[in-house]
Number of protein chains: 2
Amino acid sequence: MAIEHDSFTVYVLLFEEFELLDVFGPVELLSKSSRIDISYFSDQPGLVASSQGIRVESTLRYEEVDDPDVLLVPGGSGTRSLVNDHQFLERLARIGAKSRIVTSVCTGSALLAASGLLEGYRATSNKAAFSWARTHGDKVTWAPRARWVHDRNRWTSSGIAAGIDMTCALMRELLGDEPAEAAARLVEYEPHRDSTWDPFAEPYGLP
Amino acid sequence: MAIEHDSFTVYVLLFEEFELLDVFGPVELLSKSSRIDISYFSDQPGLVASSQGIRVESTLRYEEVDDPDVLLVPGGSGTRSLVNDHQFLERLARIGAKSRIVTSVCTGSALLAASGLLEGYRATSNKAAFSWARTHGDKVTWAPRARWVHDRNRWTSSGIAAGIDMTCALMRELLGDEPAEAAARLVEYEPHRDSTWDPFAEPYGLP
């Protein structure tokens, strides 16, 4: 996969009450490669409030999203209502269906599951919200103990900071080892490379 | 220090081409404590473009910043011109002087140094930009090998992701160990607790 493409498009979904680091951890790393182009889309262009309050600017609507190489879906408290928003879930399913790779951070996997995009896949989610996240989707195999899960073209990470480690692994796959390591070095981040490393399952009582 | 205050105000400086994770790594962790109130200020309220392109909303001007418990100064490519902007440096010096604790992430320490806020202090900075950062300030003792440096009420971190570790340490000091660990657990982040841990000095040829 590292060979086929010169560059990759990443489309980041933004919604009211998205979790800041779910987006900007991955984006920070991805931005260190000149071969990755990042865009943000939402219900309508304009300012979108994070779970942490600060608002950030989305520039595209759903209809303007080309076929993404990578779709990135964050979590955040906004997911609690969106899992019941059928119009939202249908639009997410459509964009996911035309994405080469579908990724989520934290409770973003609850959105993917509710939209049907994880049917038949293994996935993980935020540990504090795991028992809620896993109620979504019919045929999702939920992994309670994982930093991230990579199953074919679906990548789902555990909570918040886990998205940074998943993104390092994704970049190794897309760009090759050395460009991915160079990005992590610029960010001065030493990634966890073992997707099964997960010290956060136990504190939240997960098996 | 953990005892005196029920709550703490954190003021985050935003400027054109600030580095995203320098701000939102620390903010993500800080936001997990209900005892911390975060505000953003800049030259003028409105949208401020990050080094990564996406714009975020600043709501306060310099004159509206009350005496901060914590001032947070990020790095980013915008620092390259700001170190020569005397009006900016004077305003930063004034706000720093009335802050209980002055912190920076990455090349934010070049701004602090250029404004005089690190005179007589030990400090560190981004490793890729270290040789540039250390040219600022007259009597700053620059530490090339450090995840972060805490000298009295000045906290400066190494590049980008190092700000997250520094913030964990700062939260332990402000709030106590358990609230700080609880915040890191919610973020699913295992912080580096040793401020001298720094595997990034060597790849950049620093002693």
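Computed values, structure above
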| item | result |
| --- | --- |
| Restricting the stretch B:109-155 to trypsin sites (Lys or Arg not before Pro) in coil, as DSSP defines it, with at most 10 other Cβ within 10 Å | B:139, B:152 |
| Shielding by partners, peptide B:52-60 (average Cβ within 10 angstrom, other chains) | 6 |
| Nonlocal amide H pairs with residue B:141, under 5 Å, H built at 1.01 Å | B:120, B:121, B:122, B:123 |
| Relative contact order of chain A, defined on C-alpha pairs under 8 angstrom at six or more residues apart (%) | 20 |
| Accessible area per residue, Å², the stretch A:8-197 with all protein chains present, probe 1.4 Å | 35 |
| Stretchable slack from residue B:93 to residue B:81, in nm (0.36 nm times residue separation minus alpha-carbon distance) | 2.7 nm |
| Nm distances between copies for residue A:77, ranked from closest, using label points 7 Å along Cα→Cβ | 3.5 |
| Assigned charges on the beta-carbon of Lys, Arg, Asp, Glu; the stretch B:8-193 dipole about Cα centre (debye) | 600 |
| Carbon and sulfur %, accessible surface of chain B computed with the full protein complex present, 1.4 Å | 45 |
| Against the rule of thumb 2.2 N^0.38 Å, how large the Cα Rg of the stretch B:8-193 comes out | 0.93 |
| Under 12 Å, Cβ to Cβ, from residue B:26 - net charge with Lys/Arg +1 and Asp/Glu -1 | -3 |
| Accessible-area order (highest first, 1.4 angstrom probe) of the listed residues B:42, B:77 | B:77, B:42 |
| Interface A:B - total buried accessible surface [probe 1.4 Å, Å², rounded to 100] | 3200 |
| Part-to-part distance (alpha-carbon centres) for the stretch B:165-205 and the stretch A:78-142, which is given in Å | 31 |
| Overall form of the stretch B:3-76 per C-alpha gyration tensor (a/c, 1.5; a/b vs b/c) | oblate |
| Restricting the stretch A:3-57 to trypsin sites (Lys or Arg not before Pro) in coil, as DSSP defines it, with at most 15 other Cβ within 10 Å | A:35 |
| Computed [θ] at 222 nm, helices only, for the protein assembly as shown once each DSSP H run of length n ≥ 4 contributes -39500 (n - 2.57) | -8500 deg cm²/dmol |
| Range in chain A, longest, excluding exposed GluC sites (Glu not before Pro) [loop by DSSP; at most 12 other beta-carbon atoms within 10 Å] | A:5-118 |
| Inter-probe distance in nm under a simple model that places probes 7 Å from Cα toward Cβ, at residue A:131 and residue B:181 | 2.3 |
| For the stretch B:187-199, Karplus couplings with θ = phi - 60° (6.51, -1.76, 1.60), whole Hz, Gly/Pro x | 7, 6, 10, 9, x, 6, 9, 9, 5, 8, 5, 7, x |
| Average other protein chain Cβ within 10 Å of Cβ, residues B:196-207 | 2 |
| Percent of C-alpha pairs per 10 Å bin, the protein assembly as shown, short to long | 5, 24, 33, 25, 11, 2, 0 |
| Antiparallel bridges, percent of DSSP beta bridges restricted to the protein assembly as shown (to nearest 5) | 30 |
| Net +/- balance of residues flanking residue A:62 in space, Cβ distance below 14 Å, scoring K and R +1, D and E -1 | -3 |
| Interface residues, the stretch B:1-44 - accessible area loss of 50 Å² or more versus chain alone, probe 1.4 Å | B:21, B:24, B:28 |
| Local net charge near residue A:197, Cβ-Cβ under 14 Å (Lys/Arg +1, Asp/Glu -1) | -3 |
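The values are calculated or read from the model by the stated rules, or taken from the named source; none is laboratory data. Just so it is clear, the structure is predicted and the values come from calculations on it, not from any experiment. Neighbour counts are summed over all protein chains in view; Cβ atoms, including those assigned to glycine, are modelled from backbone coordinates with ideal geometry. Side chains included, ligands, DNA and RNA excluded: accessible areas come from the protein's heavy atoms. Shrake-Rupley method; radii C 1.70, N 1.55, O 1.52, S 1.80 Å.
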